[in-house]
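A short worksheet on the structure shown next.
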Amino acid sequence: MIFDKANILVVDDDQELSEFLTELLMKDGYKVSAVMSVNDAIQRLKNDIFDFVLLDLKLPEIGGVEGIKMIKKVSPHSKIIVITGYSSVDSVVSIMKDGAIDYLKKPFDNEELLTLIRNNISVGLKDNVPAKLGDRIRAIRKEKGIKIKQLSARSSLTESSISMIENEKISPSMTTVHKIAMALSVHPIEFFEIEKHKKWLVTRKGERRQLQFGSSDNILEYLIKNGSKNRNEIFISCLGPTQKSFNEPITHDGYKFGYVLTGSIELEMGNETVRLNTGDSIFFKAITPHLWKNLEAKEAKTLWVVTRE
């Protein structure tokens, strides 16, 4: 399955900046829409799938902090990047707790914004469409008592397209999968939760979901199928020689536990760095900006456990 180029919503009452961001992002290949208020953004989010929302922190009527909460309620899968003319430690922590993935302080470098978006895009599943995806969509649709005609009206997809997806005659893009999921009021991960058991969940070797970032050797291999559903994750990070996990440090809520399986890495956390060798482990709050990089001329593997509950 191939993930489409991201669909981005710009929310800013500064028309000049809004037009600049729209042009900048469209030149980089993204689909971009722009609105001037949180209320307008909510209406757009109810009718379309947006991977990212660029949100000005200072807006009339409804401010950015309250706007984050409203946006996450309507579109929980959208990744929010806050744009602000000022920032403090307290405001940044508040922004992150409310659901933003990061922030940019004005004036910011164009490449800084583009890199931030690229680093937070799930480029794609390494394998093709998972087996029985169509069957899973059909089963959920019928379980909810929704006919194809009704699903078509809710998702803005044609009846024939939905029928072909369910019969696995065509491979849907991730944007299409999101639209179907929203129309069925389920999280997209439900379409991939096929193998279930009352007492345990087996993820066979070769069936694990893998994310690859751009053209780099940086690969994340998820060890459990329902990690995203439970907001917790367990994955192995494979880094090529001298490669970094991300171009820029990332932050998110919860805690992170890391264990070096092979090789040596350097973990950057804020202004500090920690070297970890094979067999070493570390535990820290993931709100701290962090990334890790391979120090050697051979592959390094680390096991990571992320808890957000």
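The values are calculated or read from the model by the stated rules, or taken from the named source; none is laboratory data. Note that the coordinates shown come from a computational prediction; the quantities given were computed from them, not determined experimentally. In this analysis, Cβ positions are derived from the backbone assuming ideal geometry, glycine residues included, and neighbour counts consider all displayed protein chains.
Contact annotation: residue pairs with Cβ atoms under 9 Å, 6 or more positions apart or on different chains, pairing a residue in the stretch 163-178 that is over 24 Å from Phe50 (Cβ atoms) with a partner that is β-branched (Val, Ile, Thr) and at pLDDT 80 or above, are Ser163/Ile148; Glu166/Ile137; Glu166/Ile148.
If you take the residues in the stretch 40-60 that are out of contact with any helix residue (DSSP H, G or I) (no Cβ under 9 Å at 6 or more places or on another chain) and in a helix (DSSP H, G or I), which one is surrounded by the most Cβ atoms within 10 Å (Cβ to Cβ)?
So the first thing to find is which residues in the stretch 40-60 are out of contact with any helix residue (DSSP H, G or I) (no Cβ under 9 Å at 6 or more places or on another chain), and the list is 40, 43-44, 47, 60.
Within this subset, residues satisfying the condition of being in a helix (DSSP H, G or I) are 40, 43-44, 47.
Working: Asp40: 14, Gln43: 13, Arg44: 17, Asn47: 8.
Result: Arg44.
Against the list (1) in contact with a Ser or Thr (Cβ under 9 Å, 6 or more places away or on another chain); (2) under 26 Å from Arg154 (Cα atoms), the condition Leu59 fails is (2). Taking the criterion of being within 24 Å of Ala6 (Cα to Cα) and at pLDDT 85 or above, the only residue of the stretch 167-181 that qualifies is Ile180. Can you tell me which residue within the stretch 261-288, out of those that are part of a loop (DSSP other than H, G, I, E, B) and out of contact with any strand residue (DSSP E or B) (no Cβ under 7 Å at 6 or more places or on another chain), is surrounded by the fewest Cβ atoms within 10 Å (Cβ to Cβ)? Step by step, filter the stretch 261-288, then rank; the result is Asn271. Within the stretch 1-25, the set of residues being hydrophobic (A, V, I, L, M, F, W, C) and modelled with pLDDT of 90 or more comprises Ile8, Leu9, Val10, Val11, Leu17, Phe20, Leu21, Leu24, Leu25.
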